1. Could you grab me the full set of residues in the stretch A:157-172 that are part of a helix (DSSP H, G or I) and either in contact (Cβ under 8 Å) with a residue 60 or more places away in the chain or of a type outside the set (Val, Ile, Thr) (or both)?
2. Contact list please: Cβ distance under 9 Å, first residue in the stretch B:38-56 and loosely packed, with under 15 Cβ neighbours inside 10 Å, second residue of a type in the set (Val, Ile, Thr) and in a helix (DSSP H, G or I), pairs at least six apart or on different chains.
3. Just checking, does the stretch A:195-202 include any residue being acidic (Asp, Glu) and at pLDDT 95 or above?
4. List the number of the failed condition for A:VAL115; all other conditions in (1) surrounded by 22 or more Cβ atoms within 10 Å (Cβ to Cβ); (2) facing chain B (nearest Cβ under 10 Å) hold.
5. Quick check: is even one residue across the stretch A:235-243 more than 24 Å from B:THR270 (Cα to Cα) and part of a helix (DSSP H, G or I)?
6. Of the residues that sit in the stretch B:6-30 and are in contact with a Lys or Arg (Cβ under 7 Å, 6 or more places away or on another chain) and of a type outside the set (Ser, Thr, Tyr), which one is surrounded by the most Cβ atoms within 10 Å (Cβ to Cβ)?
7. Scanning the stretch B:314-346 for residues that are modelled with pLDDT of 95 or more and farther than 20 Å from B:VAL162 by Cα, which turns out surrounded by the fewest Cβ atoms within 10 Å (Cβ to Cβ)?
8. Check A:ALA223 against each of (1) buried (at least 21 other Cβ atoms within 10 Å of the Cβ); (2) in contact with a Pro (Cβ under 9 Å, 6 or more places away or on another chain); (3) closer than 30 Å to B:THR144 by Cβ and name the one condition it does not meet.
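The values are calculated or read from the model by the stated rules, or taken from the named source; none is laboratory data. For clarity, every value in this text was computed on a predicted model and none was experimentally measured. Note that each Cβ is placed from the backbone with ideal geometry, even for glycine, and that neighbours are counted across all protein chains shown.
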2 protein chains.
Amino acid sequence: MVKPRIAIVGLGLIGGSLARRLVNAGCEVTAWNHNDRPYATAEADGIICKPTLAALAETKPNVLVLCNPLKAMPEILGALKPLIDTETTTLTDVGSVKGMVRDQVKAIGLDGCYVGAHPMAGNELSGWEASDPTLYDDALWAITVDEHTEYRRFRAVADMIVNRCGNRLIVLDDATHDRCAALISHMPHVIATAMINELVANPNRNIAAALAAGSWRDMTRVALTDPNRTRAMVEEDAANVETLLRNMANRLTLVANVLHDMADTGVRPTEGDVKQMDRFFAQGQPFRDYKAASRQPEYAEHCATVELSIPENDWQRTLLESARRGEHIVRFDGERTAIAQARSVV
Amino acid sequence: MVKPRIAIVGLGLIGGSLARRLVNAGCEVTAWNHNDRPYATAEADGIICKPTLAALAETKPNVLVLCNPLKAMPEILGALKPLIDTETTTLTDVGSVKGMVRDQVKAIGLDGCYVGAHPMAGNELSGWEASDPTLYDDALWAITVDEHTEYRRFRAVADMIVNRCGNRLIVLDDATHDRCAALISHMPHVIATAMINELVANPNRNIAAALAAGSWRDMTRVALTDPNRTRAMVEEDAANVETLLRNMANRLTLVANVLHDMADTGVRPTEGDVKQMDRFFAQGQPFRDYKAASRQPEYAEHCATVELSIPENDWQRTLLESARRGEHIVRFDGERTAIAQARSVV
């Protein structure tokens, strides 16, 4: 069996961890980094490090994964354009926003061989020193496609994810990805940052910090990441994050209004107030139930298995609808059948 | 050396864990629970379980710790009133709001022997089955006092905390405690709940839940606790939580307004917008620095040690000012000297 050849651009936390996981999974992994500081230890881990992007492209990888910071993307795409054999190589990336990256890939004329990807893995650290192949344990990847994406390109990336990384995947369009990533990552980062700002602005900040236990620690952990990285992520997904922040501000204000009536001893909470609070504390129950179920031992084994037939035409829509139903692809059975686990919230 | 006699009312997560920790520390621990389900395993752990509050009070404990739910407080205080030997026994509690409990204690006429307490420990579980003495490892307690509190009552509770639990403490008035607890616990619980509500209301909820990684998991963990407990906690501290939710809504709206300009490709972000974002992402830096320092190995050993002389008059104010400076009492050196670690944010 021929080893898949995977090239990694950028040996930071995400790229370094992926490179090391793919080496462990028997791939031939080459890498280029904007400086050669990680090269000695990376080579010791079995990663073949290249001095230039040209040398990396020369290996004719099956998949080339861009793990560089988003702000370096246009420059790196421009440099790669004349170097890549687009027939052999499928280009992908791991950026946390997908619409913007596809626009950049299109602008440079590499969209014919491009499939977007976003592994849901990471922590508050960064850099090669923090890389760890177990960062990807049980990870789910979003693969993003558009109506022009070739099925074979999708499969090149999907096979790397399910067969080599041992991970799950869902297929999305860029807009759906970016809206959902804003909800579960970008907006929460802003909230965590606002929380530590609120503490620092408080004259009793030392007392508050002293009293802070698990809930505060967990809810502000992401505010401890490099604020420049957070800011870039938020600004790159500005429209989606804006909508969600306004929704959240409305939800908080609604609770504040009810609490205002309750705090004012002259005014009893109205029946409407009580109903608002009933609703507020009940609305998220399907998510609580989903989390309780998914914490059970061997949850994955208890998920219903779904066999998805992938049509020739509009296969993108079939896979997006499957993702909306909460199905995660875990492997492929031949060319046009995906096996998925049903993991829906509701 | 005489064993301190500690009585615990309520063998839930907090009371059960405290009882077990105090047994391990060589105290004589008696307990009463509203039902006797925990009694067999509690007795096996060395806790002497009593069938009635009268039997508990008969042991003339040095400290009686109310670990019952807040809503049961008036009834339990009423039942204890004729039973307690107030000369021997100092009454305390572990409730997450302090002003309301003191009001209830005053209403029943037990304030002469009362000192408030709030251990910053807990998790998303509840009940005796979840109790664990290590829940209190490295915990900090807030002790709340007012101008009438007798110093010997304070020391009875403080000695249990530093000598027996091996924990740190700060001394506050009720209002300062409740404002700070609202900041680091009650308000964050509302935010986490609003976040899961936002997800459940989203038509792409299954996709969002699939993409959810560490940041979402950590920031919504507290929303998975019993929503009735969260609701009670929030409503009991309504005025403080209201203020903080409005502050947070304003912070989020401010970022949303800047993102609106950035998302609208027709409008460049103004210089004012850029400065707003600079400020937003820089304001919390002192807290990031504090956390980075406190994660260092042997942080506690590197904290400056402060010797606090506790005056006869207005000792409450001296200790509150020490808490504001970020000093945590770790032991006492004789009757009127406290040894504290300086752990300030800024």
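1. Passing the criteria: A:VAL157, A:ALA158, A:ASP159, A:MET160, A:VAL162, A:ASN163, A:ARG164.
2. Pairs that qualify, where the first residue is loosely packed, with under 15 Cβ neighbours inside 10 Å and the partner is of a type in the set (Val, Ile, Thr) and in a helix (DSSP H, G or I), are B:GLY46/B:VAL23.
3. Taking every residue of the stretch A:195-202 in turn, at least one turns out to be acidic (Asp, Glu) and at pLDDT 95 or above.
4. (2)
5. Scanning the stretch A:235-243, I find no residue that is more than 24 Å from B:THR270 (Cα to Cα) and part of a helix (DSSP H, G or I), so the answer is no.
6. The selected residue is B:LEU22.
7. B:ASP314
8. Failed condition: (2).
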